[in-house]
């Protein structure tokens, strides 16, 4: 709530609104508001409870003053205010509790300042002038040319091939092993498992973004994303299936843009239907992981998706991953026949481990974290390393390498990580 709003979004918002609990506080505010050119009619009675009710159905101001005198749990009430308050609003609170710990907790939760009642004119004037200074301050974005942004799209050719499992594992590895701040964006709005697989509550951030794309900015990303670890944050949803969310895809595109500014890596779990409905979502994705299994239907759809990517996203470097492969068992299509039908090699083959998958689901942890010592995850670890290295090699703009040094060529040797039994089976057949 206390970060500067983007300059272009200030004009249509009220400069100041206050919600106070008593007439004494209102009298203290009126002359300062008049002095700063703010209408005194924007000073309302009702305190924090009225503020939450009003702002849930109306636009937030640039500067919001709330009185916590009648609040039994100020910290939780401020969190409730944050749910309805638009990003960019500078919040100044006042109360009667003189507690340093409370002050620190409130400031940490996002408010700009906490003033102790009774309020003095100089105290109010200083707080409001400082708030105006923050609103007018330019926003600086640090860019690190040494570590260009890593943008990865994960697309499943069929339902049930485990694309979400691979996406979650890649995001976890980039954050934990590669030490990069990483965002996982699950665009399956109604049935996404990005948060579920990490034992997290998805929150309303993604649905709010779809319903009101104009709210999306850096601060919205900071508040809406759920932290899974120090370097991994998730934006997922479990939107009600009774009411469809209508969107032209602008919110998804804007979310990706803001995430590129806020994180070193973005992993997008991209349902295949999104390619048809919102093809522009793939335009800025430099690396894409096509997840499939060795079945006839998956072979057909892998061919179709590879062809679509070649026509619509020629700038995107592709990795094909065969997932949930029953090594040593009867395959619907052999690896050799599958590669022949799609006219390219499978880059990574991940064997199916029912015991490991069950354990990961029970623990609410990514597959790669649960099975750190399992050979099953070795290809996924190699894939994540290849993705990170691909970005480092491609330069700041994600340009492709020189001819003769393609990503597939550089990491071709990693195919040796495929379980030996599967390789022998494919060769024999």
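Just so it is clear, none of the values below were taken in a lab; they were calculated from the coordinates. This structure is a prediction, so every number in the text was calculated from the model and none was measured. No Cβ is skipped: glycine too gets one built from the backbone with ideal geometry, and neighbour counts run over all protein chains shown.
How far, in degrees from 0 to 90, does helix 121-136 lean away from the longest principal axis of the Cα atoms of the chain, to the nearest 10? Helix 121-136 sits at roughly 30 degrees to that axis.
At full extension, residue 190 and residue 280 could sit 30.3 nm farther apart than now, given 0.36 nm per residue minus the alpha carbon distance. The Cα atoms of the range 7-136 cover 36, 30, 25 Å along the three principal axes, with the biggest extent listed first.
The modelled label-to-label distance between residue 245 and residue 230, using points 7 Å beyond Cα along the C-beta direction, is 3.1 nm. The orientation-averaged projection of the convex hull spanning the C-alpha atoms of the range 301-393 amounts to 7.6 square nanometres. The mean sequence distance of close C-alpha pairs (under 8 Å, at least 6 residues apart), as a share of the length of the chain, puts its relative contact order at 15 percent. Residues within the reach of a label modelled at residue 50 (point 7 angstrom out along Cα to beta-carbon, backbone nitrogen below 15 Å), restricted to the range 70-85, are 70-71. With a Förster radius of 25 Å applied to the C-beta separation of residue 303 and residue 326, the computed FRET efficiency comes to 0.65. For the chain, the longest principal axis of the alpha carbon atoms and the long axis of helix 354-363 meet at an angle near 10°.
A straight chain from residue 361 to residue 373 at 0.36 nm per residue would run longer than the Cα-Cα distance by 2.6 nm.
Put a dot 7 Å past the Cα of residue 261, heading toward its Cβ, do the same for residue 385, and the two dots end up 3.6 nm apart. If a spin label sat at a point 7 angstrom from the Cα of residue 129 along the line to its beta carbon, the backbone N atoms of the range 16-59 nearer than 12 Å would be those of 36. Over the range 150-428, the ratio between the Cα radius of gyration and 2.2 N^0.38 Å evaluates to 0.96. Computing Rg and the Kirkwood Rh from the Cα coordinates of the range 254-344 gives a ratio, Rg/Rh, of 1.03.
For an R0 of 41 angstrom, estimate the FRET efficiency from the Cβ-Cβ distance between residue 83 and residue 344 and round to the nearest 0.05.
0.30
Pairs of C-alpha atoms in the range 184-225 farther apart than 13 Å represent 54 percent of all such pairs. This ranking places 253, 114 by how few other beta-carbon atoms lie within 10 Å of each, fewest first, which gives 253, 114. Between residue 98 and residue 337, the contour length at 0.36 nm per residue exceeds the Cα-Cα span by 78.7 nm. Note on residue 199 and residue 352: their simple-model spin labels are 2.6 nm apart, each label 7 Å out from Cα toward Cβ. Across every direction, the projection of the convex hull enclosing the Cα atoms of the range 77-120 has a mean area of 3.3 nm².
Helix 23-35 versus the longest principal axis of the chain: what is the Cα-based angle in degrees, 0 to 90, to the nearest 10? Orientation of helix 23-35: about 80 degrees from the principal axis.
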